[in-house]
1. Just give me the residues in segment A:292-319 being surrounded by 18 or more Cβ atoms within 10 Å (Cβ to Cβ) and away from chain B (no Cβ under 12 Å), in sequence order.
2. Would you be able to say whether some residue in segment A:201-208 is of a type in the set (Ser, Thr, Tyr), surrounded by 15 or more Cβ atoms within 10 Å (Cβ to Cβ) and touching a residue at least 40 places away in the same chain (Cβ under 8 Å)?
3. I need a count of the residues in segment A:21-31 that are over 10 Å from A:ALA66 (Cβ atoms) and either surrounded by 13 or more Cβ atoms within 10 Å (Cβ to Cβ) or modelled with pLDDT under 95 (or both).
4. Can you tell me which residues in segment A:152-192 are assigned to a strand (DSSP E or B) and under 26 Å from the mean Cα position of the chain (by Cα)?
5. For segment A:144-186, give me each residue that is of a type in the set (D, E, K, R) and over 13 Å from A:ILE96 (Cβ atoms).
6. Return yes or no: is A:ALA137 buried (at least 19 other Cβ atoms within 10 Å of the Cβ), small (Gly, Ala, Ser), touching a helix residue (DSSP H, G or I) at 6+ places or on another chain (Cβ under 9 Å) and within 14 Å of another protein chain (Cβ to nearest Cβ)?
7. Determine whether B:ASP163 is away from chain A (no Cβ under 14 Å) and of a type in the set (D, E, K, R).
8. In contact (Cβ under 8 Å) with a residue 24 or more places away in the chain and among the basic types (Lys, Arg): is that true of B:ARG262 in this structure?
Amino acid sequence: MRIFQFTEQPYPPAWNEHNGSLRVILPNRKLDPKIAADLFHRYYDEWQVADELGYDIMVNEHHSTATCMSSTVIVTLAVLSRITRHARLLVLGYPIGHRPDPLRAAEELSTIDVISRGRLEMGFVKGVPYEVPVSNANPVWLMERFWEAHDFIIKAMTAHDGPFNWEGEHFHYRHVNIWPRPYQQPHPPVWSTTGNAAQAQELARLGYVMATLGTGYATRGLYDSYRQAYQERWGKPAAPDRFGYLALVAVAATEAEARRRGEQVASYPRTSGIVHPPFRNPPGFLSVDDNVRLMKNAGRPPSRSFTKDGRTVSMATASVQELIDAGIMFCGTPDQVYAQVVDFCQSCGGLGNLLMMGHAGWMSHEDTVDSLTLFAKEVMPRLKEYRQPGEQASAAA
Amino acid sequence: MAGSATADISLVAIDGVQTEIITQGGGRPLLFLHPECGLEASAPVLGLLAKAHRLVAPSHPGFGRSEAPRWLSTVDDLAYFYLDLMAALDLQDTVVVGVSMGGWIAAEIAIKNTSRISHLVLADALGIKVGDRETRDIADIFALTEPELAELLYADPAAARRDLGAMAEADLVAMARSREASARYGWSPYMHDPKLKRRLHRIDVPTLVCWGEADRMVRPAYGQAYAAAIAGSRFALIERAGHFPHLEQPQSFADLILNFVRGKPTSEERR
């Protein structure tokens with residue numbers, strides 16, 4: 001199992017007076033650039049620590065929000081390419097359906113791959129609904145744009161015999177010939193995220209790594225959709241490394257201390273959805289059927305998080321105990337966390353990439369480093385040894 | 001010409017697109033182009049217009065039960081689609097009436113070809129750029145809560161309130177389709193075509209621009225700018241109406257149009 005350390009690079013000093021929206025409309029006057037600079041350097045320091053401790057690294061981007069200061073993954077990746085040595089650098093994700101210029105995206109990602117000497121993992125994502133009002137990409141065509149941008153980027157990275165032409169529905173170029181081309185051949189590994197079975201099957205047919213967030217004990221169904229389509233397309237079982245799961249993680253020497261840190265990490269799901277309501281559901285972002293269901297349910301989306309015994313959990317309001325019960329958070333002493341992760345892997349039928357949000361909100365540098373260190377020394381070695389339910393099958397294939 | 005007193009609703013293939021069309025009444029055809037909220041067959045305005053005209057009221061592709069093939073993605077596409085519809089139904093001397101997004105479509109039709117059009121009515125029409133680049137002429141309907149939107153849309157917002165929980169499934173589907181289709185055609189540039197204003201001079205049929213006086217989504221001054229760009233057009237305000245005068249004041253709306261077509265100036269006209 002690979003373990004990726006992730007933080008959203010939040011700006012919690014602005015979390016208290018948000019007037020109902022931490023995203024899109026919160027005036028940037030609420031951000032003090034000097035504090036932001038300190039926070040950015042701190043987050044990079046912690047990723048350096050993670051690199052030295054044997055973690056891989058995950059980064060992301062959001063826009064116009066106090067929940068995540070990283071507004072371009074390329075800047076974060078550029079810094080990390082130089083200051084880390086061993087970690088795989090996973091961007092999950094790059095919202096390529098929102099970007100106006102996939103040529104630029106292909107150039108940037110290839111450059112990152114070269115500078116990092118082939119450590120880039122490219123996660124392409126649809127993006128949360130709140131990205132739409134900022135990027136102004138038409139949500140009706142968002143997935144169509146996503147796939148055209150995807151096709152273009154892969155083609156740009158793998159075409160080596162001079163310029164090619166592109167006259168698509170959304171993008172037009174006449175002389176595509178990116179320099180540098182990527183370090184990894186034929187291109188850096190591709191990841192994506194999903195919450196539905198149809199998309200899971202599409203990712204399986206492409207052989208991409210599929211990650212989910214907050215799906216808790218409903219994860220198995222999505223993974224099985226992927227497994228079925230993967231077996232049909234590739235004629236062998238999907239290995240555990242085809243799956244990623246983003247979990248909140250808090251470790252400490254004592255359970256009481258771990259729970260205290262767990263409360264701080266839980267500030268991510270508790271703030272993530274604080275958004276002016278019209279921006280939560282842009283037109284065309286959901287299908288007509290999903291919108292009808294939403295209207296019948298007074299605007300509340302159906303819960304997608306479940307505990308092992310079938311209770312539904314709202315990520316925004318759940319207690320730390322409920323988050324643990326739902327497999328959304330792994331929290332406790334090293335022994336407890338190891339047991340929770342293994343139990344979750346078993347329930348998924350195999351999980352090769354644990355994406356761990358090991359920092360969120362106000363969690364201090366000292367607590368973050370201590371939690372990362374404890375996990376690296378006492379949990380990670382055991383997880384590296386751990387034999388997954390799907391692993392024997394994959395080795396035999 | 002004798003016409004049906006009751007509304008007929010049918011699906012008709014136009015350019016291969018299954019299109020829901022309400023027809024009612026007889027006489028000179030009146031093509032009614034609905035706004036972004038869609039078209040309900042029960043709307044009283046339809047019967048009022050059909051008293052003097054053969055009313056033809058389609059649901060735009062993507063709205064109501066009309067299909068939305070991928071190739072129809074702009075209001076420019078819709079304008080050509082409706083020119084084809086008028087030809088397919090052989091509408092002659094047609095009064096074209098459009099409200100809001102429907103008004104934008106009507107204007108885009110009329111700059112292309114008026115050979116089947118006798119009169120044009122643009123009610124609270126979207127489609128042109130009036131202010132500077134930092135001034136949003138048209139309120140961003142996708143950035144507002146339902147109560148905020150109702151305040152801008154209606155002279156009497158309380159009367160327009162709806163209980164979604166009590167609505168029929170088919171109506172909810174129509175609402176969801178309307179919202180998506182509005183974004184399909186009007187997301188960016190937001191609810192306008194930067195080229196349209198300079199092309200309005202091509203409109204060569206009698207034109208009435210009418211506006212709900214309480215329209216807070218698109219102010220009457222925008223309508224006056226519309227009228228100023230169409231030579232010989234008239235401008236009229238409709239009292240006690242907001243952005244959808246055909247819903248809030250169907251009688252005055254219909255009277256205004258019928259009198260305009262008959263050539264009678266009305267007391268509402270202030271020009």
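The values are calculated or read from the model by the stated rules, or taken from the named source; none is laboratory data. Worth saying up front: this structure is predicted, and the values here are computed from it rather than measured. Here the Cβ is made from the backbone with ideal geometry for all residues, glycine too, and neighbour counts use every protein chain on show.
1. Correct list: A:ARG304, A:SER305, A:PHE306, A:THR307, A:VAL313, A:MET315, A:ALA318.
2. no
3. Final tally of qualifying residues: 2.
4. Within segment A:152-192, A:VAL190, A:TRP191, A:SER192 qualify.
5. Across segment A:144-186, the qualifying residues are A:LYS155, A:ASP161, A:GLU167, A:GLU169, A:ARG174, A:ARG181.
6. Yes, satisfied.
7. It is false that B:ASP163 is away from chain A (no Cβ under 14 Å) and of a type in the set (D, E, K, R).
8. Here the answer is no, as B:ARG262 does not meet what is asked.
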